[in-house]
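Step one of this worksheet: look at the structure below.
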Amino acid sequence: MVIVIGSNFGYTVLAAVGITLQCFATAVSITGARKKYNVNYPDNGGGRYSDKLSDEDWVAFNNAKRTSDNYLEQVGMVLVALVLAGLYQPKLAASFGATYMLGRFVYARSYISGGPDKRIYGAFILGISFLAMVITAGYNAVTTTILA
């Protein structure tokens with residue numbers, strides 16, 4: 001089997017770049033939270049510096065930190081699924097990537113402003129988007145190999 005990467009694959013690449021930049025921006029935003037709450041490196045929210053925070057500030061810092069950590073935990077899987085889906089259906093995959101970014105935005109804003117219980121809407125959007133990427137990649141792989 002030969003995969004020809006067409007010009008429409010550029011849409012998938014744009015989505016991948018967007019996800020990468022959003023992940024980077026989310027990680028950089030933690031620098032601001034560190035300064036705001038005076039939580040220096042290497043403290044990740046459970047060490048000596050964070051022990052000096054009030055309960056409210058500790059929760060606020062950790063909510064912000066979790067948004068970044070969660071993105072970093074998942075970005076590898078998401079980019080792989082996006083690129084694999086994009087090899088077969090680049091515009092569809094790119095739309096899933098854009099929807100994933102929207103979900104990540106809602107997830108982060110909701111988590112930071114309302115805590116873990118409020119992240120569900122963003123988690124739903126990004127979860128469905130990721131699942132759609134995986135299904136698209138898997139379906140096309142099966143139909144072009146096993147069922148071909």
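Brief remarks follow.
- Listed residues Tyr71, Leu92, Gly45: farthest to the positive end of the dipole of segment 27-148 (Cβ charges): Leu92
- Packing around the peptides 49-55, 18-24, taken as the average count of other Cβ atoms within 10 Å per residue, puts them in this order, highest first: 18-24, 49-55.
- For the chain: relative contact order, % (alpha-carbon pairs under 8 angstrom, 6 or more apart): 28 percent
- Counting only Cα atoms, segment 64-131 measures 39, 18, 13 Å along its principal axes, largest extent leading.
- Helix content alone sets the calculated 222 nm mean residue ellipticity of the chain: runs of n ≥ 4 DSSP H residues at -39500 (n - 2.57) each, divided across all residues, give -27500 deg cm²/dmol.
- Ligands, DNA and RNA are left out, and with a 1.4 angstrom probe the accessible area of segment 41-91 is 58 Å² per residue.
- Here's the list of lysines a cross-link from Lys118 could span, going by alpha-carbon distance under 27 Å and ignoring same-chain residues fewer than 8 apart: Lys35, Lys36, Lys52, Lys65.
- Rounded tilt (10° steps) of 90-114 against the dominant C-alpha axis of the chain: 10 degrees
- Note on the chain: dipole from Cβ charges, positive end direction compared against Val2, Gly32, Thr145; the farthest Cα belongs to Gly32.
- Accessible surface of the chain, 1.4 Å probe, proportion on carbon and sulfur as whole %: 65 percent
- A simple count of charges around Ala15, restricted to other residues whose Cβ falls under 14 Å of its Cβ and scoring Lys, Arg +1 and Asp, Glu -1, yields +2.
- Relative to the Cα centre, the charge distribution of the chain, modelled as +1 at Lys and Arg Cβ and -1 at Asp and Glu Cβ, gives a dipole magnitude of about 260 debye.
- Base-10 log of normalised Debye intensity for the chain (one unit scatterer per alpha-carbon) at q = 0.16, 0.17 Å⁻¹: -0.83, -0.89
The values are calculated or read from the model by the stated rules, or taken from the named source; none is laboratory data. Worth saying up front: this structure is predicted, and the values here are computed from it rather than measured. Glycine gets a Cβ as well: all are built from the backbone with ideal geometry, and neighbour counts include every protein chain shown. Heads up: the accessible areas ignore ligands, DNA and RNA and are worked out on the full protein's heavy atoms, side chains in. Shrake-Rupley method; radii C 1.70, N 1.55, O 1.52, S 1.80 Å.
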